[in-house]
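Engineer: A single structure is presented below for examination.
The values are calculated or read from the model by the stated rules, or taken from the named source; none is laboratory data. Because the structure is predicted, anything quoted here is derived from the model rather than measured. Note that we place each Cβ from the backbone using ideal geometry, even for glycine, and neighbour counts take in every protein chain shown. Keep in mind that these areas ignore ligands, DNA and RNA; they rest on the heavy atoms of the full protein, side chains included. Shrake-Rupley method; radii C 1.70, N 1.55, O 1.52, S 1.80 Å.
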Amino acid sequence: MRAGFIGAGKVGFSLGKYLAEGGISLSGYYSRSPASAKDAAAFTGSRYYETLADIVNDSDTLFITVPDGCISEIWDDMRSLPIEDKNICHCSGSIPSTVFFNAEDRGAFRYSIHPLYAISSKYESYKELPKAYFAIEGSPARLDEMRQCFEALGNKVGIISPEVKTLYHAAAVMVSNQMIALADIGAQLLQQCGFEQEDAEKALAPLILGNAQAVTSFGAEKALTGPCERGDDKTVAAHIKALKAAESLDEEILPAYRTLSVRLVKIAERKNPSRDYRKLKKELEQ
């Protein structure tokens, strides 16, 4: 593989550096922001390209690492270029590879390659990519080759179909972004109890990190603790009463508590099939 990157944001920087560190040859970077492309090229020891045509010509695999809304625009510019026998890839979590709608007609191969990792830093996130699972979908002809490329770097790879790409992305968003919403809710509740915001966030950190580690190590059932796992309907009823009585509380917090507790009960029933959760279920339905 000789990989070129179109787009020089956080994903382009990180994935390019990760591939280069893993021994994969990079042609370089092209971007509508020349300064960003030059920085990315310097960071990865590759070349800055002034034109899209030049980087396409010098690469056998193109990673389009631009905002989701720009992928189809880049494809419109690329598909009239000599792309025969090239792999055309994007790294969007939500958009399927079919955005490259006539790649096969042009003799190219289309892929979506998405790391299940929140890339937050241009210069540091590549260090964490060895831990990431990658989800890949696209042209059957070289799908196994693309999988083997990332497995050779040490990553686990899941092959999915374009039809489930949006559902796949919903899973990632719920576990990644919506966890932030839960942390923010917890901090707001602690502030109602008299904590300063910074202290509230720091106080919750061991709970957040400890549960994340337990789930990833043992799975949801074994990691589950707390009143829903115990079937403690009285404690849950007290929580609901306190949430109703709290002043200046955002209106979505109580419904979120109920919805998530219902899910926790389902997990608890799998974990403890002989335990009676009927009273707790009734409390959550009220």
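Engineer: Could you grab me the full set of residues in segment 108-132 that are in contact (Cβ under 8 Å) with a residue 40 or more places away in the chain and among the aromatic types (Phe, Trp, Tyr)?
Structural biologist: Answer for segment 108-132, where residues must be in contact (Cβ under 8 Å) with a residue 40 or more places away in the chain and among the aromatic types (Phe, Trp, Tyr): 123, 126.
Each row is one residue, and each column tells you yes or no for (1) of a type in the set (A, V, I, L, M, F, W, C); (2) surrounded by 20 or more Cβ atoms within 10 Å (Cβ to Cβ); (3) modelled with pLDDT under 95.
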| position | (1), (2), (3) |
| --- | --- |
| 107 | no, no, no |
| 113 | yes, yes, no |
| 146 | yes, yes, no |
| 157 | yes, no, no |
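Engineer: If I ask for residues that are of a type in the set (Ser, Thr, Tyr) and either closer than 18 Å to residue 183 by Cβ or open to solvent by 60 Å² or more (accessible area, probe 1.4 Å) (or both), which ones from segment 218-239 would you list?
Structural biologist: 225, the sole residue that qualifies.
Engineer: Against the definition (open to solvent by less than 80 Å² (accessible area, probe 1.4 Å), under 19 Å from the mean Cα position of the chain (by Cα) and of a type outside the set (Phe, Trp, Tyr)), how does residue 208 come out, yes or no?
Structural biologist: yes
Engineer: Quick check on segment 122-144: of everything there that is more than 14 Å from the chain's Cα centre (by Cα) and of a type in the set (Ser, Thr, Tyr), which residue is least open to solvent (accessible area, probe 1.4 Å)?
Structural biologist: 139
Engineer: Let me ask something else. Which residues, taken from segment 79-101, are over 27 Å from the mean Cα position of the chain (by Cα) and at negative phi?
Structural biologist: Passing the criteria: 79, 80, 81, 82, 83, 84.
Engineer: Restricting segment 32-51 to residues that are within 24 Å of residue 150 (Cβ to Cβ) and among the hydroxyl-bearing types (Ser, Thr, Tyr), which is surrounded by the fewest Cβ atoms within 10 Å (Cβ to Cβ)?
Structural biologist: So, considering only residues that are within 24 Å of residue 150 (Cβ to Cβ) and among the hydroxyl-bearing types (Ser, Thr, Tyr), the one surrounded by the fewest Cβ atoms within 10 Å (Cβ to Cβ) is 46.
Engineer: So which of 71, 88, 95, 119 is under 18 Å from residue 11 (Cβ atoms) and in contact with a His (Cβ under 8 Å, 6 or more places away or on another chain)?
Structural biologist: From the options 71, 88, 95, 119, the qualifying one is 71.
Engineer: Need pairs with beta-carbon distance below 8 Å; first residue over 15 Å from residue 193 (Cα atoms) and without any contact (Cβ under 8 Å) to a residue 60 or more places away in the chain and within segment 233-245, second polar (S, T, N, Q) and assigned to a helix (DSSP H, G or I); sequence gap 6+ or separate chains.
Structural biologist: Hits for this filter: 236/261.
Engineer: Now a separate question. If you check 180, 185, which single one turns out to be under 24 Å from the mean Cα position of the chain (by Cα), farther than 30 Å from residue 273 by Cα and open to solvent by less than 70 Å² (accessible area, probe 1.4 Å)?
Structural biologist: 185
Engineer: If you don't mind, another one. Against the condition without any contact (Cβ under 8 Å) to a residue 12 or more places away in the chain, out of contact with any Asp or Glu (no Cβ under 7 Å at 6 or more places or on another chain) and over 24 Å from residue 259 (Cα atoms), how does residue 156 come out, does it pass?
Structural biologist: no
Engineer: Tell me, which residue of segment 4-31 that is of a type in the set (Phe, Trp, Tyr) and either in contact with a strand residue (DSSP E or B) (Cβ under 7 Å, 6 or more places away or on another chain) or within 22 Å of residue 143 (Cα to Cα) (or both) is surrounded by the fewest Cβ atoms within 10 Å (Cβ to Cβ)?
Structural biologist: 18
Engineer: Check 54, 76 and return the single one that is at pLDDT 95 or above, under 28 Å from the mean Cα position of the chain (by Cα) and surrounded by fewer than 18 Cβ atoms within 10 Å (Cβ to Cβ).
Structural biologist: 76
Engineer: Another question, then. Can you find, within segment 188-205, the residue that is surrounded by the most Cβ atoms within 10 Å (Cβ to Cβ) among those that are without any contact (Cβ under 8 Å) to a residue 12 or more places away in the chain and among the small types (Gly, Ala, Ser)?
Structural biologist: Checking each candidate, the answer is 205.
Engineer: While we're looking at this one, here's another question. Based on this model, can you work out whether residue 220 counts as out of contact with any Gly (no Cβ under 8 Å at 6 or more places or on another chain), of a type outside the set (Ser, Thr, Tyr) and in contact (Cβ under 8 Å) with a residue 12 or more places away in the chain?
Structural biologist: When the stated conditions are applied, residue 220 passes them.
Engineer: A follow-up question, please. Which one of these is open to solvent by 70 Å² or more (accessible area, probe 1.4 Å) and in contact with a Leu (Cβ under 9 Å, 6 or more places away or on another chain): 266, 244, 281?
Structural biologist: 244
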